[in-house]
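Participant: I am attaching a structure below and will ask some questions about it afterwards.
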Ligand SMILES: Cc1cc2nc3c(=O)[nH]c(=O)nc-3n(C[C@H](O)[C@H](O)[C@H](O)COP(=O)(O)O)c2cc1C
């Protein structure tokens, strides 16, 4: 059964626009692919610790040479990488926090980007090892103007970062959805949410 890994990262457990859109995505996905197994990884509800010194040392030590302490330090990383490596589709909900990803999501990223597990480096080139066919990133921004030629596009370290990171890891296809202006008036927000919902429907309908 194909797996969908869903990763939520808004600190707002209630009233979050990105979480609501991820719900919308999940519902639309399951309507088309009812046999999908959804793995929900909420990096706020279950906080991901920052990568530790022992875990870093362990990741550069061959498994058969690791101390029990080193193995324990990589246990969470192993679990998260296993969720990632067994999923065909990834969906992230990711609000812009200070022009980038929330630190909760960055903590997850630092746990899953592991040499010889999710990428290789031969001294010259990197190669991604993640086999997921596609990733979707639902981004939200309080202001408007971060996307395309918008006036704040040079400050957008959220969607270009997620696209670069997922491409680096080997994900074949990455698509971002952008909900801009969540701090604006209700009418604008309603229209923008509707547009993103249509974008999600369009993206899912195009998958063969
Ligand atoms: C800590 C924090 C930092 C934020 N930084 C930015 C920012 O740099 N630019 C911006 O446009 N909005 C910023 N916002 C607004 C959020 O991107 C916006 O409220 C978004 O809708 C949050 O996602 P959510 O509705 O899923 O919680 C920030 C919000 C918080 C809580």
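Participant: For the Cα atoms of the chain, what angle does the longest principal axis make with the long axis of helix 103-112, in degrees from 0 to 90, nearest 10?
Facilitator: 40
Participant: Here's something else I'd like to know. How do 141, 60 rank when sorted from fewest to most other Cβ atoms within 10 Å of their own Cβ?
Facilitator: Details: 141 25, 60 9.
By the 10 Å Cβ count, ascending: 60, 141.
Participant: Given the options 118, 89, 72, state which has the largest fluctuation in a GNM of the chain using a 10 Å cut-off (strictly under) for Cα springs.
Facilitator: Between 118, 89, 72, it is 72 that shows the largest mean-square fluctuation.
Participant: A follow-up question, please. Per residue of the chain, what 222 nm ellipticity follows from adding -39500 (n - 2.57) for every DSSP H run with n ≥ 4, rounded to the nearest 500?
Facilitator: -12000 deg cm²/dmol
Participant: Here's something else I'd like to know. Counting other C-beta atoms within 10 Å, which of 38, 44, 171, 137 has the fewest, and how do the rest follow?
Facilitator: 38, 44, 171, 137
Participant: Moving to a separate point now. For the stretch 142-181, what is the relative contact order in percent, using Cα pairs closer than 8 Å and at least 6 residues apart in sequence?
Facilitator: Working: 28 pairs, mean separation 17.5, N = 40.
Averaging sequence separation for qualifying contacts and normalising by length gives 44 percent for the stretch 142-181.
Participant: What list of whole percents do you get for P(r) of the stretch 121-190, with Cα-Cα distances grouped in 10 Å bins up to the one holding the largest distance?
Facilitator: All Cα pairs, binned at 10 Å, distribute as 19, 39, 26, 13, 3, 0 percent.
Participant: Pairs of Cα atoms under 8 Å, at least six residues apart: use those to get the relative contact order of the stretch 3-205, whole percent.
Facilitator: In percent, rounded to a whole number, it is 22.
Participant: Of the candidates 185, 42, 23, which one comes out as most mobile in a Gaussian network treatment of the chain with C-alpha springs shorter than 10 Å?
Facilitator: 185
Participant: Oh, and also: Can you tell me the relative contact order of the stretch 1-71? Whole percent, Cα pairs under 8 Å, sequence separation 6 or more.
Facilitator: Relative contact order comes out at 38 percent.
Participant: Of 66, 41, how do they rank once you tally other Cβ atoms within 10 Å and put the fewest first? If you can, show how the numbers build up before the last one.
Facilitator: Numbers: 66 17, 41 20.
With the fewest neighbours first, 66, 41 line up as 66, 41.
Participant: Under 10 Å, Cα contacts only: if you run a Gaussian network model on the chain, which one of 84, 165, 105 comes out with the highest mean-square fluctuation?
Facilitator: 165
Participant: Still on this structure, please answer the following. Can you give the convex hull volume of the alpha carbon atoms of the chain per residue, in Å³?
Facilitator: 137
Participant: With the crude spin-label approximation of a point 7 Å out along Cα→Cβ, what separation in nm comes out for residue 124 versus residue 168?
Facilitator: Those two pseudo-labels are separated by 2.1 nm.
Participant: Using 0.36 nm times the number of residues separating residue 32 and residue 204, minus their current alpha carbon distance, what extension gain do you get?
Facilitator: 61.1 nm
Just so you know, all these numbers are worked out from the coordinates, no wet-lab data involved. Remember, predicted model here, so these are calculated numbers, not experimental data. Reconstructed Cβ throughout: ideal geometry from the backbone, glycine too, with neighbour counts over all protein chains shown.
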